[in-house]
1. Can you list the residues, at least 5 places off or on another chain, whose amide H is less than 5 Å from the amide H of VAL61, using H built in the peptide plane?
2. Round to a whole angstrom and tell me the spacing of the C-alpha centers of the stretch 176-193 and the stretch 259-273.
3. Given a 1.4 Å probe and every protein chain left where it sits, what share in percent of the accessible area of the chain is carbon and sulfur?
4. Placing +1 on the Cβ of each Lys and Arg and -1 on the Cβ of each Asp and Glu in the stretch 160-207, which of PRO203, ALA193, GLY179 has its Cα farthest towards the positive end of the resulting dipole?
5. How big is Rg to Rh over the stretch 192-341, alpha-carbon atoms, Rh as the Kirkwood inverse-mean-distance radius?
6. Would you mind putting 215-225, 276-286, 306-316 in packing order, based on average other-beta-carbon counts within 10 Å, highest first?
7. What are the semi-axes of the equivalent ellipsoid of the chain, taken as the square roots of 5 times the eigenvalues of the Cα gyration tensor, listed largest first and rounded to whole Å?
8. State the extension gain, in nm to one decimal, for the chain segment bounded by VAL190 and ALA76, taking 0.36 nm per residue of separation less the distance between their alpha-carbons.
Amino acid sequence: METRKLQQVGGGTYTVSIPKEWATARGLEAGTPVNLYSHLDGSIVVRSRAKDSDGLSTITVEVDGGREQVGRALSAAQAVGFERVTLTAGEPFDAETCRAVRSLVRQFVGTELVDEQEGELTVRNLLDASDVSVRQSVVQLQYVALSVHEQATGSFVDADAGAYDRLCERETETDRLCGMVVRHFSRALVSLAEVDRVETSRPELFEYYETARRLRRVARNGVTIARAGRQLTEPLPETVAAELDVLSNTARGIVEGASNAVLEGRDTDRVHEILDTGTEARATLEAFEDALVADRSEMSASTTRDVVAVARCLDALRRTLDHGDAIGDVALQAAMRDDRL
């Protein structure tokens with residue numbers, strides 16, 4: 001790092017010098033035009049490129065035409081943040097692949113298939129970043145993810161086999177919301193202008209990005225629990241159902257408290273309390289699991305399928321606790337950083 005002082009030139013202009021070796025290494029010399037960008041986070045950037053984010057305007061990707069590869073390529077380009085994506089193949093895309101692309105595009109917020117030709121598909125994102133609230137997207141994602149998880153554990157306890165299909169549709173909503181957060185975070189890694197457009201600092205964007213990814217997985221854990229519930233042949237014994245209900249409520253409370261700490265304020269003591277609760281909940285879960293294995297009396301009348309279903313539910317709850325802890329770590333790190341800056 002170099003430190004320079006502003007120098008006044010004339011009555012209303014300031015200048016700052018940069019080391020000659022810096023300029024030479026980047027192909028700059030006296031008279032070369034450069035572009036200045038000021039950003040909401042207080043940074044002032046000097047660039048020789050004409051546009052801050054021109055590298056994310058368009059991309060053309062060659063694919064083999066298969067549905068799987070087309071889907072992966074399109075999802076990756078969307079996550080990176082390209083505004084216009086053209087997929088090309090040596091042969092015309094078959095009807096099944098075109099349908100899959102149209103279905104996938106509907107899962108992206110603000111995106112549509114604008115051109116469909118033989119051997120070429122073009123997708124464009126029409127969403128203006130200045131109209132996006134990344135924070136509000138995470139708030140909405142938190143609500144949906146916790147709702148999916150709560151309904152899933154309720155359906156498991158009640159042996160409601162039909163809940164799985166219903167919750168799969170809601171899981172798609174979490175994918176859409178998380179995908180939008182990931183997109184804006186990825187664009188901000190390349191373009192400081194993106195940070196200004198979403199009116200969020202880069203550290204906050206990272207916190208929202210990591211929280212969103214964890215919340216989406218919480219929703220997926222819920223769907224996993226609902227899937228396990230389809231294996232149950234009868235409702236669970238009351239004592240087992242009651243324990244699972246307590247564990248699931250505790251896990252969701254940790255996720256909610258940790259994500260609230262990211263979204264609404266970073267109280268270090270409160271975050272430590274949340275993380276301590278997670279440690280205690282994990283110990284309770286493991287003790288309950290060990291007891292079921294050591295003493296089958298609580299489920300002695302249950303079938304092997306029922307026992308396996310409970311084991312899968314407990315595993316999903318354990319992973320939910322892990323995601324709550326991970327979000328809590330993000331909140332704790334943010335709190336420590338804010339205390340120092």
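The values are calculated or read from the model by the stated rules, or taken from the named source; none is laboratory data. Values in this document were obtained by computation on a predicted structure and should not be read as measured data. Every residue, glycine as well, gets a Cβ built from its backbone with ideal geometry; the counts of neighbours run over all protein chains shown. In case anyone asks, the SASA skips ligands and DNA or RNA and just uses the protein heavy atoms, side chains included. Shrake-Rupley method; radii C 1.70, N 1.55, O 1.52, S 1.80 Å.
1. THR86, LEU87, THR88
2. If we compute the Cα centre of each part, the gap is 24 Å.
3. 48 percent
4. ALA193
5. Over the Cα atoms of the stretch 192-341, Rg/Rh equals 1.10.
6. Listed from highest to lowest mean packing, they are 215-225, 306-316, 276-286.
7. Semi-axis lengths for the chain are 47, 30, 14 Å.
8. Computed gain between VAL190 and ALA76 is 39.5 nm.
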